[in-house]
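Reviewing the structure listed below.
The values are calculated or read from the model by the stated rules, or taken from the named source; none is laboratory data. Quick caveat, the model's predicted, so the values are computed rather than measured. Note that each Cβ is placed from the backbone with ideal geometry, even for glycine, and that neighbours are counted across all protein chains shown. Only protein heavy atoms, including side chains, enter the accessible area calculation; ligands, DNA and RNA are left aside. Shrake-Rupley method; radii C 1.70, N 1.55, O 1.52, S 1.80 Å.
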Amino acid sequence: MSSRELMKDIVKWDVMNWSNAISFWDEKIKSLPHERNCLELGGHEGGLSLWLAMKGNVVVCSDIELPEEKARALHNKYNCSEFISYEKIDATNLPKDRKFDIVIFKSIMGGVSANGEDHLKQKMIDEIYESLADDGVLLFAENLEASGLHKWFRKKFINWGNRWNYLKYNEIEKLLSKFKDVEFETVGFFGTFGRSEWQRKILSRIDVLVSFMIPKNKKYIVYGIAKK
């Protein structure tokens, strides 16, 4: 498989912008031991589980409903199913009998806390913190509320735009305050407005050119690492 096809299978949507998270994580975890015990939350399609398994880690691919049917097909494609198991797990109520070296999620917090249930954002992060082993890490990538233009567009054109509870930039540090070390970056502005992946690719190239002009809190993706 080409590296481009692999990245598309991992990230799925607005690949150029969201793949910044993968590059960032690759650099941050390269010094950690292999064969880590990992948990993907919200892994309906299993992309992040694929990325972790291809690095030699043992991964639980989970979602609020069992993700096996769709995710296993992707994992079989890359011959890494032997490293991955599938479970039904609520991100606000994680297993208490296991500890993970890595917990990872992408674009699920707005759904977990939908319809203004802000307290569930902190509940989810607290559950992750407790589920991590000593010196474990959280890898996260999430949709931000971003600009007024983003808010208007979502309400106008996205079916779940009114109920999805987008993360606010000024919430990040408080949510992650229990962790001893937190690093995060923001990226993307125009990419999310594309109605096809071809359009998003063009718009994300514009994002690269104008990124320095756009305030961090107006970009629509945040990604980072939090160390316990």
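Results, tabulated for the structure shown:
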item	result
Inter-residue pairs, beta-carbon under 7 Å, first without any contact (Cβ under 8 Å) to a residue 40 or more places away in the chain and in the stretch 148-161, second open to solvent by less than 100 Å² (accessible area, probe 1.4 Å) and not in a helix (DSSP H, G or I), 6+ apart	LYS151/GLU145; ARG154/GLY161; LYS155/GLY161
Inter-residue pairs, beta-carbon under 6 Å, first assigned to a helix (DSSP H, G or I) and in the stretch 208-220, second among the polar types (S, T, N, Q) and at pLDDT 95 or above, 6+ apart	LYS216/THR186; LYS218/SER147
Looking only at the stretch 8-19, and only at residues there that are open to solvent by less than 50 Å² (accessible area, probe 1.4 Å) and not β-branched (Val, Ile, Thr), the one that is nearest to SER196 (Cα to Cα)	ASP14
Qualifying residues in the stretch 20-32 (those that are open to solvent by 20 Å² or more (accessible area, probe 1.4 Å) and of a type in the set (Gly, Ala, Ser)) - the one nearest to HIS44 (Cα to Cα)	SER23
Meets criteria (surrounded by fewer than 20 Cβ atoms within 10 Å (Cβ to Cβ), without any contact (Cβ under 8 Å) to a residue 60 or more places away in the chain, under 23 Å from ILE221 (Cα atoms) and of a type in the set (A, V, I, L, M)) for ALA114	yes
Qualifying residue in the stretch 149-164 (condition: buried (at least 22 other Cβ atoms within 10 Å of the Cβ) and either hydrophobic (A, V, I, L, M, F, W, C) or touching a Lys or Arg at 6+ places or on another chain (Cβ under 6 Å) (or both))	no
